[in-house]
Amino acid sequence: MRPKRRRPRTKPQPQSKNCDTHSYLIDGETRRKSPHYPSLPLSHSPLLTPMKLNYRCCASCRKIGTKEAFWRVVRLYPSHQVQLDRGLGRSAYLCPASECLKAAQKKNRLGRSLKAPVSDELYQTLWQRLATSDCTSDLRSTWRQSDNSSASTV
């Protein structure tokens, strides 16, 4: 078997002074170009582009959606307590659906993703939230139906 032919090593060429070292102006502030942040026209500048949506994944059904579409369960950092919605630490997200909540409770999916035990009180709070959200959606649908029926009779 023949040995592979190697390319001769070459010294890296120094960059020219004009290449990536000149400055440009955005919002009255001088910024330096770098090879890691190539120059872009102002319309494509990262300072002027809208923010991307934050996508999250449900711990139970693995459905992907925006952050606002889920309930957030947090394990607080120093104390390792688990709570809803607020705090800094490890987070897990759950769909506001009864199937997801039932599977998460039965198979301990929140506990595994948070690496901490989740109390039954927290699950009861989530079930209450689900019931109130179902009631408000039912009220909204009946309100819309009564609105449509009164509009059709007039």
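Every read-out reported here was derived from the displayed coordinates using simple, explicitly stated rules and does not represent laboratory data. Predicted, not measured: the structure shown is a model, and the values here were computed from it. Neighbour counts are summed over all protein chains in view; Cβ atoms, including those assigned to glycine, are modelled from backbone coordinates with ideal geometry.
Scanning segment 62-87 for residues that are touching a Pro at 6+ places or on another chain (Cβ under 9 Å) and part of a strand (DSSP E or B), we see that the one that is farthest from residue 52 (Cα to Cα) is 82. Would you check if residue 90 is assigned to a loop (DSSP other than H, G, I, E, B) and within 16 Å of the chain's Cα centre (by Cα)? No. Look at segment 66-94: where a residue is small (Gly, Ala, Ser) and a partner is surrounded by fewer than 18 Cβ atoms within 10 Å (Cβ to Cβ) and outside any strand (DSSP E or B), sitting 6+ places away or on another chain with Cβ atoms under 7 Å, you get 89/77.
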